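Q: Once you've had a glance at the structure underneath, I'll fire off some questions.
Derivation of every value follows stated rules applied to the coordinates shown; laboratory data play no part. A quick note: this is a predicted structure, and the numbers were derived from the prediction, not measured. Please note: Cβ atoms are built from the backbone with ideal geometry, for glycine as well, and neighbour counts cover all protein chains shown.
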Amino acid sequence: MKSIASAPAKIILFGEHFVVHGTMALLAAIDKRVTVTSTFTENKTIKVNSELGTIEVPISSSHEEVESEFRPFVYLANKMIASNQNVNGLEITINSDIPVGVGLGSSSACCVAAASSIFGLFKELSDSEILKMSIEAEKTIFPDLSGADLYVCAAGGIIGCEEDGDSFVYHSSTTSVSYEISANLVIVNSMIQHSTKRSVEKVRRFKENNEKRFSELCDLVTKLIGDPKDGGGGPGGALDNMKNNDIAALGLKMTENQKYLEEIQVSNDTLRDMISSLKEISLGTKITGAGDGGCIIALVEDKNLDKVPALLPKDKEYFSAKIDTRGVVWKIEK
Ligand code: MEV
């Protein structure tokens, strides 16, 4: 029996970094996915196969004993085995078309799909159980992240995420109103891998040294997005622009958000060059994710899409992403 789950990659339309400090972020799931397949074995080991390599450790091993990229899988396997005593061994295989380390949520999508696949060997987890398990799994490598990426990888579509008291919530009102972005979301990969952890630490230091300005920037981001609690965003926010299909206004807000990301110093010359190379055809362009490398997103109308390759620096990869309304998807194969 195989338990197979897949989860989508993500982009952040607005609010990366600020979301770690309590503001809202607007995220979208996109049509690149990771698939995790789990099977029982008789080997008394936990075996993990991925493009990053293969590990096979005794079933009693703790996640702390393995290299960081394999920790979430061993953590989830341990949890599952602890609640189901008669498991001899497990094999977990990861197949992904999400580029790693460039801000498209590869690690979060892996944690979400792995939670669903590994526990799915015994029962289908509810959405909230998948989130709980994947949050715990991701914390084994990234203890300081907001968790926003996990929410969108689990839920799919476009969602707003923010802290709510002690917990973290996503606003389903943003998914129940049908938002569409009737322009292309062009993702350009700088081909520079980044460390989300280092960028998040850097922004934390910026905040400590610039408390007042950081708090102003948080307010500005909140205003850019609008408030999803009032059923789709206050007037003039990005949510409102999406509802009214005002892509020009949406693009301007992306460019505005980029100014805030420049100010907190997660941009660099390569990213600025990529952004400026698309200036004449893009309605708005910004970093997506942690920055310091990784990807940018540009909002490009159909009539300009074929101009993209000639404008971009030759060593960069790009694709036009579609919003994936499916979050995590699970099935059993006999
Ligand atoms: C990374 O995809 C998004 C950040 O905002 C970090 C986080 O939310 O934890 C940079």
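Q: 7 Å from Cα along Cα→Cβ at both residue 220 and residue 44: what's the point-to-point distance in nm?
A: 6.1
Q: Continuing with this model, one more query. When ranked by the protection proxy of mean other Cβ atoms within 10 Å per residue, highest first, what sequence do the peptides 4-15, 320-331 form?
A: Ranked from most to least packed, the peptides come out as 4-15, 320-331.
Q: Who wins for biggest fluctuation among 277, 68, 116 in a Gaussian network model of the chain, springs between alpha carbons below 10 Å?
A: For the chain, modelled as a Gaussian network with Cα springs under 10 Å, the answer is 68.
Q: Further, regarding this structure: Using a 7 Å offset from the Cα along the Cα-to-Cβ direction at both residue 212 and residue 276, what is the distance between the two label points in nm, to one decimal?
A: 3.1
Q: Shape verdict for the range 184-321, please, from the Cα gyration tensor: rounded (a/c under 1.5), prolate (a/b greater than b/c) or oblate.
A: oblate
Q: Given a cut-off of under 8 Å on Cα pairs at least six residues apart, what relative contact order in percent is computed for the range 81-153?
A: 30
Q: What FRET efficiency do you get for residue 195 and residue 139 if R0 is 22 Å and r is their Cβ-Cβ distance, rounded to the nearest 0.05?
A: Plugging the Cβ-Cβ distance into 1/(1 + (r/R0)^6) gives 0.85.
Q: Please give the FRET efficiency for residue 259 paired with residue 64, using the beta carbon to beta carbon distance and R0 = 45 Å, rounded to the nearest 0.05.
A: So the FRET efficiency works out to roughly 0.65.
Q: Taking Cα centroids, how far is the range 262-321 from the range 79-154 in Å?
A: 30
Q: Follow-up question, since we're still on this one. Grab the Cα-Cα distance for residue 268 and residue 317, subtract it from 0.36 nm times how many residues apart they are, and report the gain in nm with one decimal.
A: 15.9 nm
Q: How far apart, in nm, are two points set 7 Å out from the Cα along the Cα-to-Cβ line at residue 246 and at residue 329?
A: A separation of 3.5 nm, rounded to one decimal place.
Q: Return the sequence-ordered ³J(HN,Hα) values of the range 258-275 in whole Hz as given by the Karplus equation 6.51 cos²θ - 1.76 cosθ + 1.60 applied to θ = phi - 60°, using x for Gly and Pro.
A: Karplus values, whole Hz, x for Gly and Pro: 4, 4, 5, 5, 4, 5, 8, 6, 9, 9, 7, 4, 4, 5, 4, 4, 4, 4.
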